[in-house]
1. Quickly run through segment A:122-154 and pick out the residues that are at pLDDT 95 or above, touching a strand residue (DSSP E or B) at 6+ places or on another chain (Cβ under 9 Å) and not hydrophobic (A, V, I, L, M, F, W, C).
2. Return the residue satisfying two criteria in turn: it lies in segment A:205-222 and is more than 31 Å from the chain's Cα centre (by Cα) and not polar (S, T, N, Q), and of such residues it is nearest to the other protein chains (Cβ to nearest Cβ).
3. Take the residues of segment A:185-204 that are assigned to a strand (DSSP E or B) and within 26 Å of the chain's Cα centre (by Cα): which is nearest to A:VAL221 (Cα to Cα)?
4. Where residues in segment A:275-317 are more than 11 Å from chain B (Cβ to nearest Cβ) and over 26 Å from A:ALA177 (Cα atoms), which of them is nearest to the chain's Cα centre (by Cα)?
5. Scan (1) under 18 Å from the mean Cα position of the chain (by Cα); (2) modelled with pLDDT under 95 for the single condition A:ASN338 breaks and write down its number.
6. Assuming B:LYS21 fulfils every condition listed in (1) more than 13 Å from chain A (Cβ to nearest Cβ); (2) farther than 22 Å from B:LEU103 by Cα; (3) within 17 Å of the chain's Cα centre (by Cα); (4) at pLDDT 95 or above apart from one, which condition is it?
7. Can you pull out the residues in segment B:86-141 that are at the interface with another protein chain (Cβ under 9 Å from one of its Cβ atoms), closer than 25 Å to B:GLU33 by Cβ and modelled with pLDDT under 95?
8. Taking the stated definitions as given, is A:ILE162 buried (at least 16 other Cβ atoms within 10 Å of the Cβ), within 24 Å of the chain's Cα centre (by Cα), touching a residue at least 40 places away in the same chain (Cβ under 8 Å) and part of a helix (DSSP H, G or I)?
Amino acid sequence: MMPSELVPVLDDVYCRPVHLVDFYVSSIGDRRHTATLVRVLTTLHPLGQYQHLKRVRAMKNKGVRILLCPAEPQQKAGEAQRDSDNSCAPACTTLTSLLKNTKLPASSLSKPYLVKVPRHPPATRKQYDEASLYWPVTFHEDKEISQLLSGEFFSAEEVQKIKSYLQEAETMATAAAQKGQEPVGIVIVDPERDRTIAKGHDLRQGKNPLHHAVMVGVDLVAKSQGGGMWTLTDSDFYVRPEEQMDSKGDVHRSSSTDVSSGKEKVGPYLCTAYDVYVTQEPCPMCCMALVHSRVGRVFYIKPHVDGGLGSRYKIHVQNGLNHHFSVFQWTGTWRHNNTDPT
Amino acid sequence: MGDHIKWMTKALDYADEALKKGEVPVGCIFVYEDEEIATGGNRVNETKNATSHAEIVAIEKVMNWCAENGHDQREVFRQVTLYVTVEPCILCAAALRQMSVPLVVYGCGNERFGGCGSILNIARDPLPSVGESFDIVKGVMAEEAVLLLKQFYKGENPHAPEDKRKSKKSKDDQTSGEDVH
């Protein structure tokens, strides 16, 4: 398997190491009591946020251990550290009521003690394998995530296409540099029809410091739809002419009707489902422009220290935002006359 | 506070103007040396550009004002106060920070897109390449700003007399709806 040149920038949930949390367990003297104990514990002390933990762990030659309760009362992430000399009072209480409810003799369970168990449900096979070293956990594999992580998400043909669009973006970056602009180029593509909607580059050194490559690109797409908010004239830029209806009457024409106005919606909406190829990781402003514009995927080459797609934030998967998109960083190299791959 | 109310009242007028044009009702004013130098309302639908937020529109007008009046743009931005009816979104907060705007006064929070603490805190997070952080004053005439947003999202006629308006559950669901800003 070749290492992928396109590295997915995923939510931290998929990238983090296994975090541990202290739990009280007790050893079961007679393993025939396990089922009863599990049943009673489920009502007495539900696992709550720790549903991914299996209640019992059968140890080779060491009998069976059963989870009683977390060392700390359940709360949101980021809680303070527990005192190391904390007593096991809550666990003992649980144990007492457990014995009372099951009517088992006190000798059937050991005194509670602490073990470290995985705090979060595993989101990847790697996390699952690591988590399982500490305590048995359940794992629901997300096929798409696994594929993304395997480095085999894109076919060789797709990689070639992505690479060529990125090279076009590099050409725009070079053009920008030659004009004394920040060397950031952008190409916005409709992947469904495999055609370029807009090409442009950074203009922040000009009249408006907000003319970052992404802001420019988004406005060029608006122009392709008969809109636009800025006057952007540059001989290197490209804007696809507005679509005419073709013979079938369906190209870029959605059949949906805006109920409130009674008018048929014409053409694409913002940058919905478009692919964005940009030579540098966008800043937070530009990332949010991509969210508002509802892009489908973003491919970038160089990371940026305050970038919003992996370096400083992950705005494309930010909780609370109404639109998310996929992001890939190109880590491969290519020979290209005009570019400096660093 | 008196000044805040005075300017926010005017910003609300621009939000109302945006509403009348079928845009999300957000309005803003840049104040420089106690004078209004630029205003803006959302123009997303008009421009087919989802980044045509009131602040972005007004930032460009400040630049035009500076050019017309022979002011150094950088110096002016460092001394302005922005009055905006809704918490700037992540995009606008980053833009304002990049322009070195030192103070932003806003009305209601923006729980869907807010960049001054609601979703991210672009106003204050350490972001050396984006520029200095800025101060905020929030909650100035928030109820009025929320009322305008509700009229937009519920398709109410903002000009109907109070007693004719539909009485919908209007608890404190601050901002709502899509693409606030």
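The values are calculated or read from the model by the stated rules, or taken from the named source; none is laboratory data. Keep in mind that this is a model prediction, so the values were computed, not measured. FYI the Cβ positions are ideal-geometry reconstructions off the backbone, even for glycines, and counts take in every protein chain you see.
1. The answer is A:PRO122, A:GLN127, A:TYR128, A:GLU130, A:SER132, A:TYR134, A:PRO136, A:THR138.
2. The initial filter retains those residues of segment A:205-222 that are more than 31 Å from the chain's Cα centre (by Cα), namely A:205-208.
Remaining after also requiring not polar (S, T, N, Q): A:206-207.
On the way: A:GLY206: 11, A:LYS207: 7 Å.
Among those that are more than 31 Å from the chain's Cα centre (by Cα) and not polar (S, T, N, Q), it is A:LYS207.
3. Taking the candidates together, the pick is A:ILE188.
4. A:VAL317
5. (1)
6. All conditions are met except number (4).
7. Scanning segment B:86-141 gives no hits.
8. Working: buried (at least 16 other Cβ atoms within 10 Å of the Cβ): yes; within 24 Å of the chain's Cα centre (by Cα): yes; touching a residue at least 40 places away in the same chain (Cβ under 8 Å): yes; part of a helix (DSSP H, G or I): yes.
The answer is yes for A:ILE162.
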